[in-house]
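Enquirer: First the structure, which I've put down as structure tokens, then a few questions once you've had a look.
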Amino acid sequence: MKVKVLLFANLRERIGTSAEVVEIPDSASTVAGLRMHLMRRGGAWQEALADMKVVRVAVNQDMAGANAPLNPGDEVAFFPPVTGG
Amino acid sequence: MKVSVQAEDFDLSTEVIEISMNTRTGAVASFVGVVRDVAMTLEHYPGMTENAIKKIVEEARSRWQILDLVVIHRYGELQPGDQIVLVAIASSHRGDAFAACQFIMDYLKTQAPFWKKEHHPEGARWVNALESDDEAAARWRKLKEPQRLLKS
């Protein structure tokens, strides 16, 4: 199935893209599964997503944990802890 | 109840007048965040950012008496001295207005998807999230009862 991956702030810069439609196997249909799938690409993907202490995830614009399930067409955003205000 | 994520600047007195129309209003508390000595770029997540702020506002409304409020957060290129964020609360009494204003700011800092990139002379760098900001937000979770200690 396909999901839309969004990257923000330093993750966007390190990986060098802000959005990409990603095909993932049905067996990887959780946030954790998608992350492992992306990290297997190696390089900047592997490095940027390695430390989940500094990565937050939102599914369809709601904060989500590693076990959150994914469905076809979901929007999954990876970003660092927020620093607004 | 107004929530706006915008590039444009805002005017405090205009916004305060807007939320002070209700004749039950007896107190308006406001907070303005300002860029310190380093220019910055503020990035956000269009859509999610507005929704996250609206959720924080709903939580505040469930805890305190809020007659009206405004939250404005800017994004884009900001220079030292520029205004970044406005939170203003109109209530019948100051206790609710002060508390709701601080609550919304504390939650904005940890829940709303904004990221600051500072432009230092030696190069640009992303601002790291502060543990003290998480602690400031966590403080409110321990308070089960609405805080209405003060009457104006």
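Enquirer: Out of curiosity, is B:S62 under 13 Å from the mean Cα position of the chain (by Cα) and of a type in the set (S, T, Y)? Steps first, please.
Expert: On the way: under 13 Å from the mean Cα position of the chain (by Cα): no; of a type in the set (S, T, Y): yes.
Criteria not met by B:S62.
Enquirer: Is there any pair with a first residue in the stretch B:1-21 that is closer than 19 Å to B:I66 by Cβ and a second that is of a type in the set (D, E, K, R) whose Cβ atoms are under 6 Å apart and which are 6 or more apart or on different chains, and what are they?
Expert: B:V3/B:K54; B:I19/B:D68
Enquirer: What do you reckon, is B:W64 among the hydrophobic types (A, V, I, L, M, F, W, C), within 14 Å of chain A (Cβ to nearest Cβ) and in contact with an Asp or Glu (Cβ under 7 Å, 6 or more places away or on another chain)? Quick ask: steps written out before the conclusion?
Expert: Numbers: among the hydrophobic types (A, V, I, L, M, F, W, C): yes; within 14 Å of chain A (Cβ to nearest Cβ): no; in contact with an Asp or Glu (Cβ under 7 Å, 6 or more places away or on another chain): yes.
In short, no.
Enquirer: Can you tell me how many residues in the stretch A:27-47 are over 16 Å from A:A66 (Cα atoms) and either within 10 Å of the chain's Cα centre (by Cα) or of a type in the set (D, E) (or both)?
Expert: In the first step, residues of the stretch A:27-47 are kept if they are over 16 Å from A:A66 (Cα atoms); the result is A:40-47.
Next cut, either within 10 Å of the chain's Cα centre (by Cα) or of a type in the set (D, E) (or both) only: A:45, A:47.
Here the count works out to 2.
Enquirer: If you don't mind, another one. Name, by its number, the condition in (1) over 13 Å from the mean Cα position of the chain (by Cα); (2) modelled with pLDDT of 95 or more; (3) surrounded by fewer than 22 Cβ atoms within 10 Å (Cβ to Cβ); (4) farther than 21 Å from A:F79 by Cβ that does not hold for B:L78.
Expert: Unmet for B:L78, out of (1) over 13 Å from the mean Cα position of the chain (by Cα); (2) modelled with pLDDT of 95 or more; (3) surrounded by fewer than 22 Cβ atoms within 10 Å (Cβ to Cβ); (4) farther than 21 Å from A:F79 by Cβ: (4).
One line per residue, one yes/no per condition, for (1) over 27 Å from A:K53 (Cα atoms); (2) part of a helix (DSSP H, G or I):
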site	(1), (2)
B:I56	no, yes
B:A60	yes, yes
B:I66	yes, no
B:V70	yes, no
B:Q102	no, yes
B:T110	no, yes
B:D134	no, yes
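Enquirer: When you go through (1) in contact with a strand residue (DSSP E or B) (Cβ under 6 Å, 6 or more places away or on another chain); (2) within 23 Å of A:V57 (Cβ to Cβ); (3) basic (K, R) one by one for B:K109, which number turns out not to apply?
Expert: Exception for B:K109: condition (1).
Per-residue answers, yes or no, for (1) farther than 24 Å from A:P80 by Cβ; (2) surrounded by fewer than 17 Cβ atoms within 10 Å (Cβ to Cβ); (3) modelled with pLDDT under 95:
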| site | (1), (2), (3) |
| --- | --- |
| B:E8 | yes, yes, no |
| B:V32 | yes, yes, no |
| B:L42 | no, no, no |
| B:A52 | no, no, no |
| B:E58 | yes, yes, no |
| B:V70 | yes, no, no |
| B:H73 | no, no, no |
| B:I89 | yes, no, no |
| B:M105 | no, no, no |
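Enquirer: Please tell me if B:I84 is hydrophobic (A, V, I, L, M, F, W, C), closer than 26 Å to B:N128 by Cα, within 10 Å of another protein chain (Cβ to nearest Cβ) and in a strand (DSSP E or B). Spell out the reasoning first.
Expert: Values: hydrophobic (A, V, I, L, M, F, W, C): yes; closer than 26 Å to B:N128 by Cα: yes; within 10 Å of another protein chain (Cβ to nearest Cβ): yes; in a strand (DSSP E or B): yes.
Answer is yes for this residue.
Enquirer: Does B:E50 fit the bill of being assigned to a helix (DSSP H, G or I), more than 13 Å from the chain's Cα centre (by Cα) and either more than 14 Å from chain A (Cβ to nearest Cβ) or touching a residue at least 24 places away in the same chain (Cβ under 8 Å) (or both)?
Expert: Values: assigned to a helix (DSSP H, G or I): yes; more than 13 Å from the chain's Cα centre (by Cα): no; either more than 14 Å from chain A (Cβ to nearest Cβ) or touching a residue at least 24 places away in the same chain (Cβ under 8 Å) (or both): yes.
Against the criterion (assigned to a helix (DSSP H, G or I), more than 13 Å from the chain's Cα centre (by Cα) and either more than 14 Å from chain A (Cβ to nearest Cβ) or touching a residue at least 24 places away in the same chain (Cβ under 8 Å) (or both)), B:E50 does not qualify.
Enquirer: Also: If we only count helices (runs of 4 or more DSSP H) wholly inside chain A, which ones have 3 or more residues that are in contact (Cβ under 8 Å) with a residue 60 or more places away in the chain, surrounded by 13 or more Cβ atoms within 10 Å (Cβ to Cβ) and within 14 Å of another protein chain (Cβ to nearest Cβ)?
Expert: On the way: elements: A:9-15, A:31-39, A:43-48.
Where helices (runs of 4 or more DSSP H) fall fully within chain A and carry at least 3 residues being in contact (Cβ under 8 Å) with a residue 60 or more places away in the chain, surrounded by 13 or more Cβ atoms within 10 Å (Cβ to Cβ) and within 14 Å of another protein chain (Cβ to nearest Cβ), they are A:9-15.
The values are calculated or read from the model by the stated rules, or taken from the named source; none is laboratory data. The model shown is predicted, which means the values in this text are computed figures rather than measured ones. So basically every Cβ, Gly included, is an ideal-geometry build from the backbone, and we count neighbours across all protein chains shown.
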